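The next block holds one structure in the form of structure tokens; read it before the comments.
Only the coordinates and a few stated rules stand behind these numbers; no lab work does. Since we're looking at a predicted model, the values are computed, not measured. Positions of Cβ are backbone-derived with ideal geometry, glycine not excepted, and every protein chain shown enters the neighbour counts.
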Amino acid sequence: MSDPTPGDGGAVAAPDTEGRVLTGFRPTGPLHIGHWFGNVTNMVRLQADHEAFYFIADWHMLTTHYDRTEELPGNVRSLVLDLLAAGVDPQSVTLYRQSDVKEVAELTLLLGMITPLGWLERVPTYKERLRDMAERDIANLGLLGYPLLQTVDITIVKGELVPVGEDQVAHLELSREVVRRFNRLYGEVLVEPRALLSRAPLVPGSDGRKMSKSLDNTIDVRDDEDAIRTKVRSFITDPKKVRRGDPGRPEICPIFALHELFSHDILEWTEENCRSGALGCVDCKTNLADRIVTYYAPFRERRDELDREPHLAEDVLAEGAAKVHPVVDETMKAVRSAMSLG
Ligand code: SF4
């Protein structure tokens, strides 16, 4: 996927290598466009030529949303259906829920014994999360230990390739260090994961910062037409372009960044006419909203169909749990034996 087009979702990945792929998704609420281009399209693409394990990271949600557990069942169901509607095929991949694998908690405890606190404290996303969610009381052991829990998610299923963006490389490096330390202490038991660097586009939200639910700046993939149009209208643009006729700078405009994902038919035209001033921001936003609505229409239709199957998500997760458990059992037997535990 080297040439982003509306059909393939636009995510761009480095050349793939061999190995079992592992990636997870926190069920914190509706999927937005940033998730779509950052993760979902990559998941759909990777399942075609890799053995893939995808999991719903419900324990990870607790690191920041421990006071909202009542939202979990709905969020998990919704996320599973979103992934299916987007094209994730549970026949090709192992799609499971993290909390269905209780051994994840056991291995987290065991790896916690050999993970220096300093390794966790230096992972940049810990401080970023604290800063971005300053209004929430989340400076807890669970959040600090988040990268260790990720390490366990990967190693417990012998994950070899982990799709990551540039900003997550530090997490994976920590995982590799923990695995190396374990293997030095107890023997070659755990598989050291490698990064599958995905050059997913940075998707800006309505305020120009990275699109994120916690920043309340998203366009959700299941938003209806009215919501999409309202949200697109709320986006900031080039502050120097006040009215039609003023020359604009598409390179600093979040609306143009979204055009790059959705508007290949008018991309050059938009850039030229923004720069010349001939295009006004109101019309430019209308053009973008039209394309986002059209792009997600088939997804929304499929998603509505799946929503009418009340047990589908739980059935898929049950099948996924049955598929993942033999792999997990094998890892845990080797770990317990290597550590002389019962
Ligand atoms: S015309 Fe479009 S790309 Fe240019 S500044 Fe306005 S919204 Fe942004």
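Counting every alpha-carbon pair across the chain, the share separated by more than 37 Å comes to 22%. Its Cα centre serving as origin, the chain has a Cβ charge dipole (Lys and Arg +1, Asp and Glu -1) of approximately 940 debye. Within the range 223-306, the ratio Rg/Rh, alpha carbon atoms throughout and Rh by Kirkwood, equals 1.03.
With N counted as the residues of the range 176-320, its alpha-carbon radius of gyration over 2.2 N^0.38 Å works out to 1.48.
Taking one quarter of the surface of the convex hull spanned by the alpha-carbon atoms of the range 33-191 gives a direction-averaged projected area of 9.9 nm². Inter-label distance, Lys102 to Glu188: 3.4 nm, where each label sits 7 Å from its Cα along the C-beta direction. For the pair Lys210 and Lys127, a Förster radius of 25 Å applied to the C-beta separation gives a FRET efficiency near 0.95, rounded to the nearest 0.05.
If you run the Gaussian network model on the chain, springs between alpha carbon atoms under 10 Å, then out of Arg45, Arg136, Arg300 the most flexible one is Arg136. Summary value for the chain: 23 percent relative contact order, contacts being C-alpha pairs under 8 angstrom separated by 6+ residues.
Each of His264, His259 has some number of other Cβ atoms within 10 Å of its Cβ, and from fewest to most they run His264, His259. For the pair the range 175-240 and the range 43-78, the centres of their Cα atoms are 14 angstrom apart. Taking a ≥ b ≥ c as the square roots of the eigenvalues of the alpha-carbon gyration tensor, the range 283-342 is classed oblate because a/c is 1.5 or more while a/b is no larger than b/c. Once the Cα atoms of helix 312-338 and of the chain are each reduced to a long axis, what angle between those two axes, in degrees from 0 to 90 to the nearest 10, is obtained? Orientation of helix 312-338: about 40 degrees from the principal axis.
About its Cα centre, the range 223-306 has a charge dipole of approximately 420 debye under the convention of +1 per Lys or Arg Cβ and -1 per Asp or Glu Cβ, with nothing else charged.
Taking only DSSP H segments of four or more residues, each worth -39500 (n - 2.57), what value at 222 nm results for the chain once the sum is divided by all its residues, to the nearest 500 deg cm²/dmol? Roughly -15000 deg cm²/dmol at 222 nm, from the helical runs in the chain. Compared with the dominant Cα axis of the chain, that is its longest principal axis, helix 169-186 is turned about 10°.
Between Ala86, Ala322, Ala52, find the one with the highest GNM mean-square fluctuation for the chain; connect C-alpha pairs within less than 10 Å. Residue with maximal mean-square fluctuation among Ala86, Ala322, Ala52: Ala322.
Looking only at Pro254, Pro201, Pro239, which one moves most when the chain is put into a Gaussian network model with springs between Cα atoms under 10 Å? Comparing Pro254, Pro201, Pro239 in a Gaussian network model of the chain, the most mobile one is Pro239. Kirkwood hydrodynamic radius of the range 153-239, from the reciprocal of the average inverse Cα-Cα distance over all distinct pairs: 16.0 Å.
Could you please state, rounded to a whole Å, how far the C-alpha centre of the range 293-342 is from the C-alpha centre of the range 84-137? Spelled out, the Cα-based centre of one part sits 16 Å from the other. Pairs from the list Lys102/Lys213; Lys102/Lys127; Lys127/Lys210; Lys213/Lys241; Lys210/Lys231 with a Cα-Cα gap above 22 Å: Lys102/Lys213; Lys102/Lys127; Lys213/Lys241. Looking at the chain, the DSSP beta bridges with both ends there are about 20 percent antiparallel. For the chain, the longest principal axis of the alpha carbon atoms and the long axis of helix 267-276 meet at an angle near 50°.
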